[in-house]
Amino acid sequence: MTETLDIQITETQSSKLSEIDFDNLAFGKTFSDHMFVADYKNGEWTDLRITPYQNLSISPANATLHYAQSIFEGLKAHKNDNGDILIFRPEANAKRLIKSAERMCMPPVPEELFMEAIESLVSLDKDWVPNKPGTSLYIRPFQFADDPFIGVRPSETYKFMVLTGPVGGYYSEPVKVKIEKHFTRAVRGGVGAAKTAGNYAASLYPAKQAQSQGYHQLVWTDGQTHEFIEESGTMNIMFVINDTLITPPTSDSILPGITRESALILAKDWGLNVEERPIKIDEVIEAIEKGSLTEAFGIGTAATVSHIAVIGYEGTDYELPTIETRKTSNRLLDALTGIKMGQIEDKYGWIKKIG
Ligand code: COI
């Protein structure tokens with residue numbers, strides 16, 4: 001493995017950095033100067049390289065285009081006041097990519113390769129890491145089938161790539177979500193826990209319908225009964241009911257979010273009541289009506305902590321308490337942001353520092 005970690009670097013001759021308006025960063029539209037690429041063939045990862053960010057050339061028969069054997073990760077880097085780059089929990093993303101790969105019948109990207117790819121790329125493009133509040137460098141590692149073959153079987157060749165780009169918030173305001181009772185995101189025994197492309201493709205049509213009704217996102221319910229809350233569009237979901245932080249347990253139909261897990265660790269450490277357990281829609285609606293539900297929020301890498309302002313269910317929009325009153329989610333957001341920016345002690349060893 002050691003000699004394969006030799007990464008060939010070709011630097012761009014025309015940086016786009018000066019063209020970027022760091023005061024107006026949207027999510028996912030701007031990409032840094034370089035990208036990382038590795039090829040999997042003959043049973044090993046080879047030809048590790050960093051090149052200028054550029055288009056790929058692939059066969060029209062590329063297996064990913066036809067059958068979506070494709071997985072990805074999302075993580076963020078921030079710049080602290082000394083100019084150091086801090087990456088939040090990259091090892092956890094490396095491990096989750098391996099889990100997704102297993103489910104999608106793909107060869108694992110070794111953790112060492114994942115880490116080296118990210119560190120080398122982010123270090124080369126360190127000037128792209130923004131430092132204004134609410135901004136970060138989003139890092140998108142992804143792996144996909146590369147065989148030019150349209151028979152249905154696992155590909156024999158793959159690419160592992162990483163691209164990065166400076167981002168602002170994923171949602172620009174507290175979100176209005178609709179509880180989905182008809183469509184299903186993931187089923188027991190399916191691929192809901194894998195971070196795989198098809199899960200997101202399948203969510204587009206139901207989400208679009210909700211968006212045409214004025215919602216930002218859906219809250220998915222279980223595929224069997226549609227009675228239990230699972231997760232929200234691009235994030236896990238949490239509620240505070242009777243001063244207890246409640247979130248559905250991970251399962252094979254819920255993505256094991258790294259921000260979700262970090263929030264649970266913090267909340268337990270603070271001595272808050274925390275319950276990971278199935279939550280019925282009825283319990284949520286009843287708690288809103290009684291006034292015992294004080295907070296609802298989505299939580300994820302891209303979304304960070306996204307307050308839910310309104311929950312739509314069976315034709316009624318339930319307004320939730322105002323953002324300023326939300327003690328737990330605001331505290332979680334402040335703590336997670338503080339740790340990521342190096343302003344709060346990282347006592348969990350979550351930060352990977354790049355000098
Ligand atoms: C992330 O939070 O990093 C994600 O991957 C969600 C994404 C689909 C925007």
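What are the residue pairs meeting all of these: first residue in the stretch 30-44, first residue in the same structural domain as Met161 (by TED's automatic domain parsing) and over 14 Å from Leu113 (Cα atoms), second residue of a type in the set (Asp, Glu) and in a loop (DSSP other than H, G, I, E, B), Cβ atoms under 6 Å, and 6 or more apart or on different chains?
Ser32/Asp125; Asp33/Asp125; His34/Asp125
Which residues, counting only those in the stretch 197-222, are surrounded by fewer than 21 Cβ atoms within 10 Å (Cβ to Cβ), within 16 Å of the ligand (Cβ to nearest atom) and either part of a strand (DSSP E or B) or polar (S, T, N, Q) (or both)?
Those that are surrounded by fewer than 21 Cβ atoms within 10 Å (Cβ to Cβ), within 16 Å of the ligand (Cβ to nearest atom) and either part of a strand (DSSP E or B) or polar (S, T, N, Q) (or both): Asn199, Ser203, Gln211.
How many residues are crowded, with 18+ Cβ neighbours inside 10 Å, small (Gly, Ala, Ser) and within 22 Å of Ile139 (Cβ to Cβ) when one looks only at the stretch 322-355?
So the count comes out to 2.
Considering Glu180, Glu156, which residue is touching a Pro at 6+ places or on another chain (Cβ under 9 Å) and not β-branched (Val, Ile, Thr)?
Just one listed residue meets the conditions, Glu180.
Report, by residue number, each residue of the stretch 203-251 that is free of Cβ contacts under 8 Å to residues at least 60 places away in the same chain, among the β-branched types (Val, Ile, Thr) and within 15 Å of Ala296 (Cα to Cα).
The answer is Ile229, Ile241, Thr244, Ile246, Thr247.
Restricting attention to the stretch 150-167, which residues are of a type in the set (Gly, Ala, Ser) and surrounded by fewer than 18 Cβ atoms within 10 Å (Cβ to Cβ)?
The answer is Gly151, and nothing else.
Can you give me the number of residues within the stretch 25-61 that are under 29 Å from Pro256 (Cα atoms) and polar (S, T, N, Q)?
2
Would you pick out the residues in the stretch 161-220 that are among the acidic types (Asp, Glu) and more than 22 Å from Pro256 (Cα to Cα)?
Glu173
Scan the stretch 258-288 residue by residue and report those that are surrounded by 15 or more Cβ atoms within 10 Å (Cβ to Cβ), without any contact (Cβ under 8 Å) to a residue 40 or more places away in the chain and assigned to a helix (DSSP H, G or I).
Matches in the stretch 258-288: Leu264, Ile285, Ile288.
The values are calculated or read from the model by the stated rules, or taken from the named source; none is laboratory data. Everything quoted here is computed from the prediction, not taken from an experiment. Backbone-built Cβ (ideal geometry, glycine too); neighbour counts: all protein chains shown.
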